[in-house]
Amino acid sequence: MSRNKLEKFAEVEQFSNVTQIQDIRENPDLNPRGEWKTRIFENENPITLELACGKGEYALELARRNPDRNYIGIDIKGDRLWKGAKIALEEGIENVHFLRIYIDHLEEFFAENEVRDIWITFPDPYPKYSDRNKRLTAPKFLQKYHKIMQPRGPIRLKTDNWRLFKFTRRVVKWLECPIEDITEDVHGERSDDSLLTIQTFYEKRHRDKGKQIRYIKFRLPEDFEYDDS
């Protein structure tokens, strides 16, 4: 591991706006599950998650634009979270927090109905068919989201990966999830949409390579059930 990464990891441990899984495992009392609003944000504003947030650009920009909402960027890569957390501290953005965990452990850190909505921004597409259950829009993950989200809370995916986008549409249709918005070319068809055209580091890199950015917004049915056993 490079010295630069080690330095970032050390800094992240000191950031007041980052919660890390290893700290909670060592001291379960630090887990804000069910108390994010009271313990972390100290308000009653709705909570939005950005999953696979990387450097946290989306969560940061959403927090800047919507001071009456709370945002949590989630990723396992501490050196990436360092960037977003540092910017938030420097700018005094108090309605954004970062959580360093594996996303398949969400239920350990959020209680039922604690989350209003979810953004999934340029996640690993896991292109191999054998890895399809690792995709963040796979049914087993949607089941996890359903357990922590308020009824009919929206889920939004942005991706440059056509295979992941097609997979998500197929899953959403199979599970009878209402689709509220969809486009296969965000910047070509929706260039006037200030929300969808927020760009992450990875999105800019994908666009520089000529890739189209795809987007889908859907909701889980209130009686959603999926058994992956």
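Throughout, read-outs are computed from the coordinates displayed, never taken from laboratory work. Nothing here was measured: the structure is a model prediction, and the numbers come from that model. Cβ coordinates were reconstructed from backbone atoms using ideal geometry, including for glycine residues, and neighbour counts include every protein chain displayed.
Loop-located GluC sites (Glu not before Pro) in the range 95-135 (DSSP state not H, G, I, E or B) with no more than 13 neighbouring Cβ atoms inside 10 Å: Glu112.
Sites listed here are trypsin sites (Lys or Arg not before Pro) in the range 87-139 whose DSSP assignment is loop and whose Cβ has at most 16 other Cβ atoms within 10 Å: Arg116, Lys128. Simple point charges give the picture: +1 on the Cβ of Lys and Arg, -1 on the Cβ of Asp and Glu, and for the range 104-226 a dipole about the Cα centre of about 640 debye.
Potential lengthening of the chain between Ser130 and Tyr102 amounts to 8.1 nm, from the contour at 0.36 nm per residue minus the alpha-carbon distance.
Between Arg25 and Arg116, the modelled label-to-label distance comes to 3.3 nm, taking each label 7 Å out from Cα in the direction of the beta carbon. Each residue, Arg39 and His187, gets one label point 7 Å from its Cα in the Cβ direction; the gap between the two is 4.1 nm. Net charge dipole, the chain: roughly 1080 debye, given to the nearest 20, about the Cα centre with Cβ charges of +1 for Lys and Arg and -1 for Asp and Glu.
When Rg and Dmax are taken over the Cα atoms of the chain, they come to 17.1, 49 Å.
Let me know the shape class of the range 1-115, please: from the alpha-carbon gyration tensor, a ≥ b ≥ c as square roots of the eigenvalues, rounded when a/c is under 1.5, otherwise prolate if a/b is greater than b/c, or oblate.
Values: a/c = 1.71, a/b = 1.18, b/c = 1.45.
Judged from the Cα gyration tensor, the range 1-115 comes out oblate (a/c at least 1.5, b/c at or above a/b).
Dividing the summed -39500 (n - 2.57) terms of all DSSP H runs of n ≥ 4 by the residue count of the chain sets its mean residue ellipticity at 222 nm at -9500 deg cm²/dmol. For the listed residue pairs Lys173/Lys209; Lys55/Lys86; Lys128/Lys217; Lys55/Lys217; Lys77/Lys134; Lys55/Lys144, the alpha carbons are over 20 angstrom apart in Lys173/Lys209; Lys128/Lys217; Lys55/Lys217; Lys55/Lys144.
Cβ-Cβ distance of Ile87 and Glu13, R₀ of 25 Å, FRET efficiency by 1/(1 + (r/R0)^6): the value works out to about 0.90.
Peptides 46-56, 142-152, ordered by how many other C-beta atoms sit within 10 Å of their residues on average, highest first, read 46-56, 142-152.
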